[in-house]
Amino acid sequence: MSTFSIRLSEDIEKRLENLAVQTGRTKAFYVKQAVLNHLEDLEDYFMAEKASEDFRARGEKAIPLEEVMREYGLED
């Protein structure tokens, strides 16, 4: 387990403190939750970006969604 030190604006610190007081949890709990949630978003974003770059590098042709839906009978 690692320990990090971060600087927060006074406003964010107050919001974090208020949340912790109102819920009976620690500020560290909410910081950890924020990092975990955002980390998942970042991982998804960069994995999708890499997949898109790989797709373009292979020179594959994209198929429009409308065409796929028509082909599989999924039109409205």
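The values are calculated or read from the model by the stated rules, or taken from the named source; none is laboratory data. Treat the numbers as computed from the prediction; the structure is a model and nothing was measured. Here the Cβ is made from the backbone with ideal geometry for all residues, glycine too, and neighbour counts use every protein chain on show.
The single residue among GLU71, GLU43 that is at pLDDT below 95, loosely packed, with under 11 Cβ neighbours inside 10 Å and not hydrophobic (A, V, I, L, M, F, W, C) turns out to be GLU71. Annotation: VAL31 fulfils all but one of (1) touching a residue at least 12 places away in the same chain (Cβ under 8 Å); (2) touching a Lys or Arg at 6+ places or on another chain (Cβ under 9 Å); the unmet one is (2).
Taken together, ARG15, ARG25, ARG7 contain a single residue that is surrounded by 10 or more Cβ atoms within 10 Å (Cβ to Cβ) and outside any helix (DSSP H, G or I), which is ARG25.
Cβ separations smaller than 6 Å between residues 6+ apart or across chains give the following pairs from the range 47-76 residues that are in a loop (DSSP other than H, G, I, E, B) to residues that are surrounded by 10 or more Cβ atoms within 10 Å (Cβ to Cβ): GLU75/MET69.
I'm told LEU39 meets every condition in (1) in a helix (DSSP H, G or I); (2) at positive phi; (3) of a type outside the set (Asp, Glu) except one. Can you identify the failing condition by its number? Every condition holds for LEU39 apart from (2).
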